[in-house]
Amino acid sequence: MGARDHDGTWTPRTITSCVGCLAWGLTYAQGVCLACYNFAAPSRGHLVGACAACNRTTRLKKDYCRLCWCQARDEREHLAEDARSAVVLAPYLDGIRWQQLFLSISDRRLPPPRTAPRRYGVKGRPRKQAPPPAARPVSTWQQPALLPPGPRDCLNAVIDLRTGPPPDNPWLAWALHLAHTTAEARGWRPTAQRAMQRVLVRLFADYREPDRIRASDLGPLTAQYFINVDHVIEILAAMDVLQDDRPAALENLMAAKVADLPDAWRHDLLTWARLLRDGGPRHRPRDQQTVRAYLGIAVDAAMNWPQRGHLREVIRDDVLTYLGTLRGTRRESAVTALRALFRWARQHKLIFRNPTHAISIPAVPDPIWQPLRADEITASVTAATTPQARLCVILAAVHAARPGQIRALHLDDVDLAKRRITIAGNSRPLDELTTHALLDWLTHRRERWPGTANPHLLVSAASALGHAPVSATWILNLRGLPGTLERLRIDRQLEEAITADADPLHLAAVFGFSEGTAIRWATNARHLLNEPSTRVP
């Protein structure tokens, strides 16, 4: 006879008298019952000493052994007269003069396995009925409000869906139906579905047309139920009842960057940055990172020209002086940003002459990459401890995939039957290492998010509720190590170029490079092959 211990080890057990409490029952190999075994655990802090009642040398709790505590419990059941004496054991410890032996019923036996799988929910509770199908309520003429409505107080409305049906509101029925169809299409977990239902009940319990629900009022409510506010906004936007009063993207950041500049600079830079962000009739919208970088360079340049109170006062020497303080890629980025700024100002007749005209900088030569050392690669592999981290490291180190390309991979890009994987449109064969890493991740993905409808290979707790890829900060970036994902990709391409004797045609066929990129990597490899002294050992 035996039992599993807390750490999973098998411990033999016999029926005998416990050496600690003298109770008759199942004991461990040390001859103690389960209760005494836990009583003597180091985490309890019970030290060995002489018991104040029975004078036995054993582990004590407040100067008394466990046997005396059990005897005090028995005497309390017979002698207690009021509510307090029925709870407190200390008054009965001093009067112990004899011991009543007892049986130790401390065997934790497991129940027999179920013969049929449990239905959905707790203890066989049946699945909750789905919301009935509903459509948009018929709109009628409404008297517009004279003043805009104030913020909605949704936090104080207490509505418990567990005790009754939701309020009878056609708008609420339509919202619950849209949330249910969205959850079924995207594979939301039951917890996310219940959170969305509770939020919608709070919002539409007393909703009346033509009220608009402001996006700024949703933050505290969604935080209370731990639901992403973007999913709630998507439902409200589909119902056409949302008033999106949130500030535009980067608006607060742009205002903070130009806060210390003169009014003329502040107005012009904000106008230019908004055009970069939103686009215009002859301008395409730029990426948010580009807007951040361009505006930061323009603000830094304006701070270096304190004698210039407006864009039109900037001359060519000011631009050259500012560029002289920068080096490398920072100088190239500054030239590009200032050209865009003054070109826009010239087109809108804010300046008379473009001070960046004909300003050129020498081209920066391509770097000569060195192969990573074995210990640097080992450190990166050791840092990958999760299935998704190992997959990211293998895709970068074996298939030379960029972090953005890893995030963009779809399930359809992996063909395990034909042992092929498509990365950025380039089909590559699957080796054994990558196959095992993919199978481990797909198993983890199926167990962690069994109902997600996200088509991407990599999913997270946030992206599993939608169709977007994971964020750039979610995947393993190995920051602080020499072998980052980008550096592992470079090392893989450099290794292939050296192995192929700097053949650009081979690189273009293996990695799908363009002609210029293949020639550049072949030149790097040829430099290392012709000058072995430059290679890092």
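Miscellaneous remarks
- Where (i) 0.99; (ii) 1.12; (iii) 0.97 are the candidate values, the label of the one calculated here for Rg/Rh (Cα atoms, Kirkwood Rh) is (ii).
- Share of carbon and sulfur in the accessible heavy-atom surface of the chain [1.4 Å probe, %]: 55 percent
- The stretch between residue 509 and residue 363, if pulled fully straight at 0.36 nm per residue, gains 49.7 nm over its current Cα-Cα span.
- Mean Cα-pair separation over length for region 161-216, i.e. relative contact order, pairs under 8 Å, 6 or more apart, %: 50 percent
- Under-5 Å amide H pairs with residue 243, H placed in peptide plane, nonlocal only: 213, 214, 215
- For the listed peptides 68-75, 499-506, 193-200, 391-398, a ranking on the average number of other beta carbons within 10 Å per residue, highest first, reads 391-398, 193-200, 68-75, 499-506.
- Segment residue 282-residue 481, extension gain: residue separation times 0.36 nm, minus the distance between their alpha carbons: 67.3 nm
- A viscosity of 1.567 mPa s and a temperature of 4 °C, combined with the Kirkwood radius over Cα pairs in Stokes-Einstein, give a translational diffusion coefficient for region 448-534 of 83 µm²/s.
- ³J(HN,Hα), Karplus 6.51/-1.76/1.60, whole Hz, each residue of region 258-265, x for Gly, Pro: 9, 5, 8, 8, x, 4, 5, 4
- Computed 3J(HN,Hα) for region 40-52, one whole-Hz value per residue from the Karplus formula 6.51 cos²θ - 1.76 cosθ + 1.60 where θ = phi - 60°, is 8, 5, x, 5, 6, x, 8, 8, 7, x, 8, 5, 6, glycine and proline marked x.
- Built amide H within the under 5 Å cut-off of residue 104, gap 5+: 24, 25
- Taking every DSSP helix (H) stretch of at least 4 residues in the chain, weighting each as -39,500 (n - 2.57) and dividing the sum by the residue count yields a mean residue ellipticity at 222 nm of -13000 deg cm²/dmol.
- Near residue 420, the amide H atoms lying under 5 Å from its own belong to 415, 430; only residues 5 or more places off or on other chains count, and H is placed 1.01 Å from N.
- The gain in end-to-end length when the residue 517 to residue 177 segment is fully stretched comes to 117.2 nm, 0.36 nm per residue minus the alpha carbon separation.
- Surface exposure of region 229-349, expressed per residue as accessible area with a 1.4 Å probe, stands at 56 Å².
- Residue 216 accessible area, 1.4 Å probe, all protein chains in place, Å² to nearest 10: 60 Å²
The values are calculated or read from the model by the stated rules, or taken from the named source; none is laboratory data. If you're wondering where the values come from, they're calculated on a predicted model, not measured in any experiment. Every residue, glycine as well, gets a Cβ built from its backbone with ideal geometry; the counts of neighbours run over all protein chains shown. What goes into the accessible areas is simple: the full protein's heavy atoms, side chains included, and nothing from ligands, DNA or RNA. Shrake-Rupley method; radii C 1.70, N 1.55, O 1.52, S 1.80 Å.
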